[in-house]
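Heads up, the thing below is written out as structure tokens.
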Amino acid sequence: MLGTAASAATISPTTAHAANTIRRAFHSNPFNSLSSSHHSILCARFRCLSLRSFTAVSTKAMSHPQTLDAPHPQSSAAGNKQALISLSDKKDLALLGNGLQELGYTIVSTGGTASALENAGVSVTKVEQLTCFPEMLDGRVKTLHPNIHGGILARRDQKHHMEALNKYGIGTFDVVVVNLYPFYDKVTSMGGIAFDDGIENIDIGGPAMIRAAAKNHKDVLVVVDSQDYPALLEFLEGSQDDQQFRRKLAWKAFEHVASYDSAVSEWLWKQTVGDKFPPSLTVPLSLKSSLRYGENPHQKAAFYVDKSLSEVNAGGIATAIQHHGKEMSYNNYLDADAAWNCVSEFRNPTCVVVKHTNPCGVASRDDILEAYRLAVKADPVSAFGGIVAFNIEVDEALAKEIREFRSPTDGETRMFYEIVVAPKYTEKGLEILRGKSKTLRILEAKKNEKGKLSLRQVGGGWLAQDSDDLTPEDIQLNVVSEKKPQDNELCDAEFAWLCVKHVKSNAIVIAKDNRMLGMGSGQPNRLESLRIALRKAGDEVKGAALASDAFFPFAWKDAVEEACESGIGVIAEPGGSIRDGDAVDCCNKYGVSLLLTNVRHFKH
């Protein structure tokens with residue numbers, strides 16, 4: 001309804017009477033019952049009368065300035081409370097509309113929202129009855145009008161704002177409820193969307209109203225989420241104002257628009273340039289859960305899901321389903337992510353055990369039960385309390401093995417794990433794992449897609465890079481030694497190389513027969529990492545393959561020679577050292593095959 005506040009200046013009785021006659025005509029004749037010709041005539045006559053009246057008011061006010069004795073919030077001329085509702089997602093609209101109507105609000109709405117409200121038995125004033133303009137340009141212009149935005153943006157405690165509304169016959173809005181065109185869902189739908197269709201799904205009027213209401217939240221309540229409808233109605237039923245409640249809604253509104261704009265920006269950049277590293281980058285994050293603490297108990301923490309378009313249906317631990325167990329912790333997320341990323345690299349049935357983000361056991365077998373046992377056997381001390389991941393379904397037999405398997409160290413202690421991760425579970429498998437422990441976290445995850453952007457924070461900035469997606473199938477293993485590797489040795493080298501990319505640098509992995517025998521990680525020098533790996537591999541090192549994440553800076557009386565002396569059969573490393581020749585000579589002396597990958601796998 002179009003409200004007019006009492007003017008601070010005198011309007012001639014004749015003109016005021018005529019203007020009020022037109023306003024009454026608007027109230028008693030909804031535009032959907034008027035012909036287009038009557039609509040145009042009525043609006044034109046009203047604008048003509050308004051201009052004459054407003055000129056008189058302006059002249060009178062300038063010659064006889066007056067003030068408002070005590071500026072105070074008001075809604076409209078008749079004290080009528082107005083709510084503006086324009087929604088694409090109409091969830092719980094009837095609840096909202098009826099609730100506001102029962103509280104005495106006049107509801108102003110647009111297009112499909114107005115129709116839905118009317119179907120729910122809610123009386124509606126259509127936006128065009130305020131603007132005197134029909135919806136036009138295929139819906140691009142509905143609410144972009146001073147009669148709408150003036151009523152939203154006017155500050156009730158500023159007399160010149162209220163005088164301006166009075167002068168132009170604009171009523172105020174107390175509540176604005178808006179959500180936006182489903183751009184995000186449209187551009188991420190199966191099969192994609194044509195560029196022109198994407199452009200048409202960019203909302204203009206909605207963000208303008210949301211931002212206007214959020215800016216003026218002291219006087220206007222803005223709601224963008226249907227989950228806030230009950231809180232809104234409860235607040236309006238109360239007798240006290242709460243600026244903190246208003247500020248929270250305003251924050252949520254600006255965040256909603258910012259996230260929406262980031263999706264549009266990301267999509268348009270890819271349509272225009274496509275480069276992975278734009279001049280500016282916005283990453284929309286949505287809070288998934290508050291965590292008990294961070295990496296340590298004295299650090300507060302939370303977990304956010306990346307809502308970038310590139311992450312839609314792209315897999316990963318962030319979107320995993322938790323079927324059972326305690327809530328995930330900060331470290332749980334890091335370890336589960338490391339385990340899942342590693343196990344997802346393997347084509348054959350594989351088990352990976354991770355501790356402190358490092359894979360301490362990896363094995364591939366046609367028999368997944370055997371793969372599980374061998375992965376634990378690689379380092380049973382580290383595996384206890386770790387994360388176990390599989391790249392195939394966990395069925396009843398595997399679940400029983402996970403539940404009952406005893407530590408290889410003593411044959412008695414039942415293995416304990418923080419998390420089990422797999423792509424899927426049978427019903428019986430889930431039932432058995434739930435019975436292992438009340439705290440065991442059971443995650444069902446989807447494999448990470450390749451080609452993701454990897455982000456990492458440093459003080460005051462972020463590092464961005466391509467994800468390290470290379471597998472043995474993507475590279476060429478060049479034999480540079482006199483001894484050529486046998487087929488089984490070549491397979492062992494590829495397996496070790498795939499493992500070592502997931503181990504923290506400096507990283508060494510020793511493997512044989514598609515299983516990890518030992519690994520050394522995180523040492524400041526490569527020689528120490530080698531010695532740790534050799535110690536874990538024990539007597540099984542004879543004839544095994546060794547992979548290094550980076551080149552060996554020295555060979556003689558260093559890592560290469562110690563590896564050769566220990567009985568290693570084949571070494572795979574990137575090469576690139578000025579002393580690569582020494583490594584070749586050393587391997588030739590001991591009859592060891594040396595393969596250069598020309599690909600480094602640093603992981604910090």
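The values are calculated or read from the model by the stated rules, or taken from the named source; none is laboratory data. Computed from a prediction, not measured in an experiment: that's the story for all the values here. Quick reminder, even Gly has a Cβ in these numbers, built from the backbone with ideal geometry, and neighbours come from all protein chains shown. Protein only, heavy atoms only, side chains kept; ligands, DNA and RNA dropped before computing areas. Shrake-Rupley method; radii C 1.70, N 1.55, O 1.52, S 1.80 Å.
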Qualifying residue in segment 592-604 (condition: within 13 Å of LYS483 (Cα to Cα) and open to solvent by 10 Å² or more (accessible area, probe 1.4 Å)): no
GLY121 vs. criteria in a loop (DSSP other than H, G, I, E, B) and surrounded by 21 or more Cβ atoms within 10 Å (Cβ to Cβ): no
Candidates LYS300, LYS276, LYS288, filtered to the one that is farther than 26 Å from THR357 by Cα and not assigned by the TED database to the domain that holds GLU427: LYS276
Matching option when the condition is among the charged types (D, E, K, R) and modelled with pLDDT of 85 or more, among LYS186, LYS126: LYS126
Qualifying positions in segment 384-405 - surrounded by fewer than 20 Cβ atoms within 10 Å (Cβ to Cβ) and either assigned to a strand (DSSP E or B) or without any contact (Cβ under 8 Å) to a residue 12 or more places away in the chain (or both): GLU404
Meets criteria (open to solvent by less than 10 Å² (accessible area, probe 1.4 Å) and under 24 Å from PRO230 (Cα atoms)) for VAL175: yes
Subset of segment 406-427 [more than 25 Å from LEU334 (Cα to Cα), surrounded by 14 or more Cβ atoms within 10 Å (Cβ to Cβ) and of a type outside the set (Ser, Thr, Tyr)]: PRO408
Residue that is farthest from ASN201 (Cα to Cα), among those in segment 133-188 that are touching a strand residue (DSSP E or B) at 6+ places or on another chain (Cβ under 8 Å) and part of a helix (DSSP H, G or I): GLY151
Some residue of segment 218-239 being small (Gly, Ala, Ser) and under 22 Å from ASP157 (Cα atoms): yes
Answer from ASP275, ASP306 - the residue that is within 27 Å of LYS446 (Cα to Cα), touching a Gly at 6+ places or on another chain (Cβ under 9 Å), without any contact (Cβ under 8 Å) to a residue 40 or more places away in the chain and open to solvent by 40 Å² or more (accessible area, probe 1.4 Å): ASP306
Every pair of residues 6+ apart whose Cβ atoms lie under 7 Å, when the first sits in segment 512-537 and is in contact (Cβ under 8 Å) with a residue 12 or more places away in the chain while the second is in a helix (DSSP H, G or I) and of a type in the set (Phe, Trp, Tyr): ASN514/PHE495
Test: TYR372 is farther than 25 Å from HIS604 by Cβ and not acidic (Asp, Glu): yes
Flag if LYS504 is assigned to a loop (DSSP other than H, G, I, E, B), basic (Lys, Arg) and either closer than 24 Å to LEU374 by Cα or in the same structural domain as GLU345 (by the TED database) (or both): yes
Helices (runs of 4 or more DSSP H) lying entirely in segment 193-247 (those with 2 or more residues that are open to solvent by less than 30 Å² (accessible area, probe 1.4 Å) and over 17 Å from VAL264 (Cα atoms)): 205-215, 229-237
Condition check for LEU490: aliphatic (A, V, I, L, M), in contact with a Lys or Arg (Cβ under 7 Å, 6 or more places away or on another chain) and open to solvent by 30 Å² or more (accessible area, probe 1.4 Å): no
Residue selected from segment 435-463 under the condition modelled with pLDDT of 90 or more and among the basic types (Lys, Arg), by the criterion least open to solvent (accessible area, probe 1.4 Å): ARG441
